[in-house]
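A.B. asks: Mind having a look at this structure? Questions to follow.
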Amino acid sequence: MTLDLGENPPITNRIKIRTPARNFGCAVTVQGSADNKEWTTIREDAAIFDFGGEIERAFTTVTIPDTRMR
């Protein structure tokens, strides 16, 4: 997935992933770019999950260091 925050983006330090998917867990790598050509890994050890059942447990927010990358 590619997300472009446009020119002069605000400082960003988290990404909330909204999905209709349920009962999943996966690793997430976040990369950033100033020009959409050269990419830098910002975070590679994140995990998101959504497990249903009697008690719903979900965490789909990835925290990253403060950045202004697009």
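The values are calculated or read from the model by the stated rules, or taken from the named source; none is laboratory data. In this text the structure is predicted, and so the values were computed from the model without any measurement. When we count neighbours, we look across all protein chains shown, and the Cβ atoms used for this are built from the backbone with ideal geometry, even at glycine. Protein only, heavy atoms only, side chains kept; ligands, DNA and RNA dropped before computing areas. Shrake-Rupley method; radii C 1.70, N 1.55, O 1.52, S 1.80 Å.
A.B. asks: How much accessible area per residue does the chain have, in Å², with a 1.4 Å probe?
C.D. replies: Counting only protein heavy atoms, the per-residue value for the chain is 79 Å².
A.B. asks: Can you compute the equivalent ellipsoid semi-axes for segment 13-70, i.e. the square root of 5 times each eigenvalue of the Cα gyration tensor, sorted largest first and rounded to whole Å?
C.D. replies: 27, 10, 9
A.B. asks: Pop the C-beta distance of N23 and E44 into the FRET formula with R0 = 25 Å and round what comes out to the nearest 0.05.
C.D. replies: 0.55
A.B. asks: Can you give the Rg to Rh ratio for segment 1-46, taking only C-alpha atoms and Rh from Kirkwood?
C.D. replies: My calculation puts Rg/Rh at 0.99.
A.B. asks: Another one. Hey, what do the phi angles of segment 29-45 turn into as Karplus ³J(HN,Hα) couplings, whole Hz, using 6.51/-1.76/1.60 and θ = phi - 60°, x for Gly and Pro?
C.D. replies: Ordered by residue, 3J(HN,Hα) equals 10, 10, 10, x, 8, 8, 10, 6, 10, 9, 10, 10, 6, 9, 8, 10, 10 Hz.
A.B. asks: Taking H placed 1.01 Å from N in the peptide plane, check which residues at least 5 places from V30 or on another chain put their amide H under 5 Å from its amide H.
C.D. replies: I42, R43, E44
A.B. asks: So what is the relative contact order for the chain, in percent, with contacts set as C-alpha pairs under 8 Å and at least six apart?
C.D. replies: Once normalised by length, the contact order is 43 percent.
A.B. asks: Based on the Cβ-Cβ distance of T61 and Q31, what FRET efficiency does E = 1/(1 + (r/R0)^6) give at R0 = 22 Å, to the nearest 0.05?
C.D. replies: Efficiency, rounded to the nearest 0.05: 0.80.
A.B. asks: Treating only the Cβ atoms of Lys and Arg (+1) and Asp and Glu (-1) as charged, compute the dipole magnitude of segment 1-54 about its Cα centre; round to the nearest 20 debye.
C.D. replies: Using only the charged Cβ atoms, the result is roughly 180 debye.
A.B. asks: Give the residue from T40, P20, L3 lying farthest towards the positive end of the charge dipole for segment 1-60; charges sit on Cβ (+1 for Lys and Arg, -1 for Asp and Glu) and the dipole is referred to the Cα centre.
C.D. replies: Checking the options against the dipole of segment 1-60, the answer is P20.
A.B. asks: Which ³J(HN,Hα) values, rounded to whole Hz and listed in residue order, are derived for segment 49-61 from phi using the Karplus coefficients 6.51, -1.76 and 1.60 in 6.51 cos²θ - 1.76 cosθ + 1.60 with θ = phi - 60°, glycine and proline given as x?
C.D. replies: Calculated HN-Hα couplings, in order: 7, 8, 10, x, x, 4, 10, 6, 10, 9, 8, 10, 10 Hz.
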